[in-house]
Protein chains: 2
Amino acid sequence: MMTAVESSGRRRVTLDDVAQRAGVHKSTVSRALRSASSDPRVARIREVAEELGWTPDLIAAGLRNQQMRSIGVLVPRLTDVVLATIFEGIDDTLSQQGWQAVVVSTWDEPEVQRRRARLLLGHRVDGLIVADARDDEPYMVDIAGRGVPVLLVNRSYPGFVSVTCDDELGGRLAAEHLVGLGHTRLGVVAGMPYAVSLSNRVRGFRAAARERGVEVSDDLVVPSTIYPSAGREAGTRLLDLPDPPTAFFVVNDAAAIGLLGLLRERGLTPGVDVSVVGFNDIPEAAELHVPLTTVRNPMREMGALAANEALRMISGQPVTSRTLRPELVVRASTGPR
Amino acid sequence: MMTAVESSGRRRVTLDDVAQRAGVHKSTVSRALRSASSDPRVARIREVAEELGWTPDLIAAGLRNQQMRSIGVLVPRLTDVVLATIFEGIDDTLSQQGWQAVVVSTWDEPEVQRRRARLLLGHRVDGLIVADARDDEPYMVDIAGRGVPVLLVNRSYPGFVSVTCDDELGGRLAAEHLVGLGHTRLGVVAGMPYAVSLSNRVRGFRAAARERGVEVSDDLVVPSTIYPSAGREAGTRLLDLPDPPTAFFVVNDAAAIGLLGLLRERGLTPGVDVSVVGFNDIPEAAELHVPLTTVRNPMREMGALAANEALRMISGQPVTSRTLRPELVVRASTGPR
DNA sequence: TCCTGTCGTGCAATCGATTGCGCGCAATCG
DNA sequence: CGATTGCGCGCAATCGATTGCACGACAGGA
């Protein structure tokens with residue numbers, strides 16, 4: 001004979017099943033299961049629930065309570081270790097507090113962003129954490145005022161509360177370092193123009209360089225994606241200039257790694273012939289043949305803080321934007337001119 | 001005056017709202033919205049729904065239909081690019097078919113695995129894709145027979161349908177390559193013993209080596225984690241043996257990268273003094289100073305196939321385990337003895 | 001003219017957990 | 001011993017979409 005637990009493909013155990021077995025009404029069971037009381041009757045009901053293998057149906061409870069205890073998270077893509085790390089911070093924080101993160105990839109494509117955001121709202125998430133805001137296609141604007149709080153992380157946008165790295169400061173740290181080493185011809189691999197996090201890094205870099213008497217002209221600032229291949233391509237363009245830079249600021253480490261590969265092929269030694277500063281300090285930056293000087297971005301903390309702020313928003317508490325402090329990590333890929 | 005769409009924080013628009021505005025019953029609206037008809041009355045109802053900004057409540061629909069069109073995915077961690085890539089394949093495939101993936105990280109910890117699996121079931125996912133099966137703590141066994149189909153990916157387990165790489169073959173390819181280059185003293189950085197994917201690679205490697213007359217003794221097989229630091233530590237142990245190996249098989253690329261760092265520090269040139277074969281072919285393997293010879297694991301395809309097989313299981317169709325063919329990618333980190 | 005078949009619509013039940021309301025029982029006090 | 005307070009429990013409504021059933025209208029054929 002099969003017990004209820006062993007049989008497969010059977011109907012879900014509901015509160016009513018427990019109630020019947022315990023000889024009480026389902027409302028009594030519901031109350032018993034969430035009371036802290038140690039009343040013997042309550043204990044008996046708990047026992048029956050356990051025996052029958054009852055587990056709460058979060059969908060039914062969510063419908064009734066108008067609260068799913070879940071937050072939707074939109075990221076460009078999870079195979080980017082930067083976004084994966086931010087999400088890990090979010091997921092960890094939420095799950096520790098009994099909440100569920102529901103993540104979707106949008107590939108930075110506005111149409112996908114809109115579609116998947118709508119879908120998340122259909123799943124009645126209680127809030128949205130947006131890590132893929134574009135300043136040319138701010139889909140979050142349509143979502144806001146839908147009754148669901150929206151928090152930005154990683155990239156900011158006017159009118160929204162956000163949790164970001166102080167990207168401008170990060171850019172400044174890179175510029176100060178390179179100018180301090182005596183470099184005066186600075187190239188920038190600038191990333192996607194629609195990502196404010198990246199353009200802020202470039203802005204900070206150029207401003208700090210100029211303040212120290214080094215002008216970074218527009219032709220030394222090359223847009224790119226965030227992949228190693230993009231670092232190679234942008235690097236090629238810059239190295240092939242009549243008067244190529246002696247130092248590079250690459251707005252993300254993956255592209256910087258591509259640039260390092262290009263330099264190697266051209267017989268240039270990073271840190272000796274040419275300097276390179278990356279951004280984020282992803283784990284492999286330290287493992288490279290020539291370890292990468294980079295700006296550490298507190299990605300995990302950013303995710304954790306974003307999750308907490310989102311919970312605060314949902315519970316109706318006031319929240320304000322926060323920026324986290326980046327830090328320069330000097331390694332072997334930079335050296336004196 | 002605010003329109004319904006502009007006002008914020010307001011109540012959700014329900015079918016009943018649309019029905020009242022259109023002067024019909026909500027059941028009529030429900031039918032109209034999902035019929036393909038171009039009847040003018042149907043068109044009118046659609047128009048009203050659009051105007052009021054109605055969006056389906058997937059929670060309510062899920063409760064009524066006993067089907068959420070979502071699949072829970074359990075992974076060790078998403079910051080591991082291997083798992084992130086597998087998940088990307090799953091997510092992409094599911095979302096293209098109108099399904100939602102809900103992913104959770106379990107850190108390979110049995111207690112977390114159990115807790116989060118239960119939580120996913122509480123969310124009424126229609127199936128589970130398990131990427132973090134441990135052969136010493138098979139939590140999936142408790143979950144199976146809960147009325148929800150379970151599919152394994154990445155790591156297999158007896159009695160479960162799985163989609164995996166042919167890891168044993170991958171190990172064989174590595175061994176054939178190294179023995180073919182004349183190496184007879186082979187070291188193995190073996191990964192976690194509880195992960196069958198990894199131990200299968202080691203088994204295939206040792207079997208193929210033995211078939212070619214090279215015995216890999218137990219003291220040359222060192223357990224590890226999958227991080228670069230673990231590659232360094234395991235490598236240190238092997239290099240400090242009285243008769244150290246001249247070639248290494250490292251069951252995953254991240255650890256192989258750590259081993260390459262160690263070799264560099266010891267003044268050994270990979271591909272010349274010592275050979276190293278990794279596993280997975282993650283993107284950075286090709287970008288290294290000494291590009292890594294490795295066994296390509298079709299991770300994204302694995303995820304996509306797993307998603308499709310899971311959908312098949314859910315729809316009640318028969319499914320069988322599938323293995324995908326790995327491929328040796330020879331680069332500069334291996335060379336003749 | 002009446003009957004039958006078809007189509008569209010309204011009604012009400014359903015999914016499972018939660019909760020306000022009210023009833024009945026027991027305990028305590030005057 | 002009767003009245004009042006308090007507590008526990010059952011009842012039924014609720015959340016929002018879906019769907020079987022039944023009824024009414026209308027058309028076509030006998």
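Some points to look at:
- Only one of the numbered conditions (1) buried (at least 21 other Cβ atoms within 10 Å of the Cβ); (2) more than 16 Å from DNA strand C (Cβ to nearest atom); (3) assigned to a helix (DSSP H, G or I) is violated by A:Arg115, and that is (1).
- Any chance A:Gly9 is modelled with pLDDT under 95 and outside any helix (DSSP H, G or I): yes
- Scanning region A:276-335 for residues that are β-branched (Val, Ile, Thr) and in contact with a Leu (Cβ under 7 Å, 6 or more places away or on another chain) gives A:Val276, A:Val277, A:Val290, A:Val295, A:Thr334.
- Each residue in region A:161-188 was checked for being over 17 Å from A:Val276 (Cα atoms), open to solvent by 10 Å² or more (accessible area, probe 1.4 Å) and among the hydrophobic types (A, V, I, L, M, F, W, C), and 2 pass.
- The listed residue being within 14 Å of DNA strand D (Cβ to nearest atom) and within 12 Å of chain B (Cβ to nearest Cβ), out of A:Arg34, A:Arg64: A:Arg64
- Criterion violated by A:Gly191 - all others in (1) crowded, with 23+ Cβ neighbours inside 10 Å; (2) in contact with a Leu (Cβ under 7 Å, 6 or more places away or on another chain); (3) at negative phi satisfied: (3)
- The set of residues in region A:119-135 that are touching a residue at least 12 places away in the same chain (Cβ under 8 Å) and within 9 Å of chain B (Cβ to nearest Cβ) comprises A:Leu119, A:Leu120, A:Leu121, A:His123, A:Arg124.
- Residue in region B:67-85 that is within 14 Å of DNA strand C (Cβ to nearest atom), modelled with pLDDT of 95 or more and closer than 20 Å to A:Gln100 by Cβ present: yes
- Restricting region A:285-295 to residues that are touching a helix residue (DSSP H, G or I) at 6+ places or on another chain (Cβ under 6 Å) and surrounded by fewer than 24 Cβ atoms within 10 Å (Cβ to Cβ) leaves a set whose member that is farthest from A:Gly180 (Cα to Cα) is A:Glu287.
- Annotation note: of A:Val18, A:Val24, the sole residue that is within 16 Å of DNA strand C (Cβ to nearest atom) and under 20 Å from B:Gly147 (Cβ atoms) is A:Val18.
- Annotation: A:Arg232 fulfils all but one of (1) under 17 Å from A:Thr334 (Cα atoms); (2) charged (D, E, K, R); (3) buried (at least 21 other Cβ atoms within 10 Å of the Cβ); the unmet one is (1).
- Search result, residues across region B:37-61 that are within 11 Å of DNA strand D (Cβ to nearest atom) and farther than 25 Å from A:Met68 by Cβ: none
- Candidates B:Pro149, B:Pro158, B:Pro138, B:Pro110: the one that is open to solvent by 10 Å² or more (accessible area, probe 1.4 Å), out of contact with any His (no Cβ under 6 Å at 6 or more places or on another chain), at pLDDT 95 or above and within 12 Å of chain A (Cβ to nearest Cβ) is B:Pro149.
- Enumeration of residues in region B:78-107 that are facing chain A (nearest Cβ under 7 Å), in contact (Cβ under 8 Å) with a residue 12 or more places away in the chain and assigned to a loop (DSSP other than H, G, I, E, B): B:Leu78
- Breaking point among (1) farther than 23 Å from B:Gly180 by Cβ; (2) out of contact with any Pro (no Cβ under 6 Å at 6 or more places or on another chain), for B:Ala254: (2)
- Within region B:265-299, being more than 13 Å from chain A (Cβ to nearest Cβ) and among the β-branched types (Val, Ile, Thr) holds for B:Val272, B:Val274, B:Val276, B:Val277, B:Thr293, B:Thr294, B:Val295.
The values are calculated or read from the model by the stated rules, or taken from the named source; none is laboratory data. Everything quoted here is computed from the prediction, not taken from an experiment. Every residue, glycine as well, gets a Cβ built from its backbone with ideal geometry; the counts of neighbours run over all protein chains shown. Please note that ligands, DNA and RNA were not included when accessible areas were found on the heavy atoms of the full protein model with its side chains. Shrake-Rupley method; radii C 1.70, N 1.55, O 1.52, S 1.80 Å.
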